């Protein structure tokens, strides 16, 4: 396993980043689960209040990961998190989540939420930040291969500093 990627930075994502975000999306999400969003869906979020894109950009300017969150009043929900397969286990996902949580705190958010497939390796990452399982939707995800997987709802109280 590779060590943390200290050469990348996390910054706010903008409309000019959409081609790179879509490239990451196409490579990062397993098509069996149908989780990738379309370009139209992603572009629509840019015009909606409360949505924020974060991107992880390496020294050459390439985007290796992104996070999309939606904030409404005192709550924020992670909608999407993706890291290029070749860039995983380098701290990129961790840096994106940390930036989301820091930004949410700065915005006065009190509680954050996410939902994840029960077989997703990122569950350990979320637990490291203090997220706890708050619910489960049995057989929520249906893969193109017919496999069904639970959705796990997780939450974290931002009053605790990570």
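Quick note: the coordinates plus some simple rules give every number you see, no bench work behind them. Computed from a predicted model, the values in this text were never measured in an experiment. A quick note on method: Cβ atoms are made from the backbone with ideal geometry, for glycine too, and the neighbour counts reach across all protein chains shown.
Debye calculation, C-alpha points only, no solvent: report log10 I(q)/I(0) for the range 24-65 at q = 0.19, 0.33 Å⁻¹, in the same order as the q values.
The calculated log intensity ratios at q = 0.19, 0.33 Å⁻¹ are -0.74, -1.08.
Tell me the Kirkwood hydrodynamic radius of the range 87-133 in angstroms, computed as one over the mean inverse distance between distinct C-alpha pairs.
11.6 Å is the Kirkwood radius here.
Tell me, in nm to one decimal, what length is gained between residue 32 and residue 134 on full extension, where the rule is 0.36 nm per residue of separation less the Cα-Cα distance?
34.1 nm
With each pseudo-label sitting 7 Å past Cα toward Cβ, what's the residue 18-residue 74 distance in nm, one decimal?
3.5 nm
Give me the log10 of I(q) over I(0) for the range 9-157 at q = 0.09, 0.20, 0.21 Å⁻¹, as the Debye formula computes it from C-alpha points; what are the numbers?
Taking Cα atoms of the range 9-157 as identical point scatterers yields -0.27, -1.42, -1.54.
Output the Kirkwood hydrodynamic radius of the range 115-162, Cα pairs only, in Å rounded to one decimal.
This gives a value of 11.6 Å.
Which whole number of Å³ per residue matches the convex hull of the alpha-carbon atoms in the range 48-87?
76 Å³
With n ≥ 4 as the cut-off for DSSP H runs, can you work out [θ] at 222 nm for the chain, using -39500 (n - 2.57) per run divided by the number of residues, rounded to the nearest 500?
-7000 deg cm²/dmol
For the range 38-113 and the range 116-143, what is the separation of their C-alpha centers, rounded to whole Å?
17 Å
Let me check against my output: what whole-number percent is the relative contact order of the range 9-157, with C-alpha pairs under 8 Å and at least 6 apart?
This gives 20 percent for the range 9-157.
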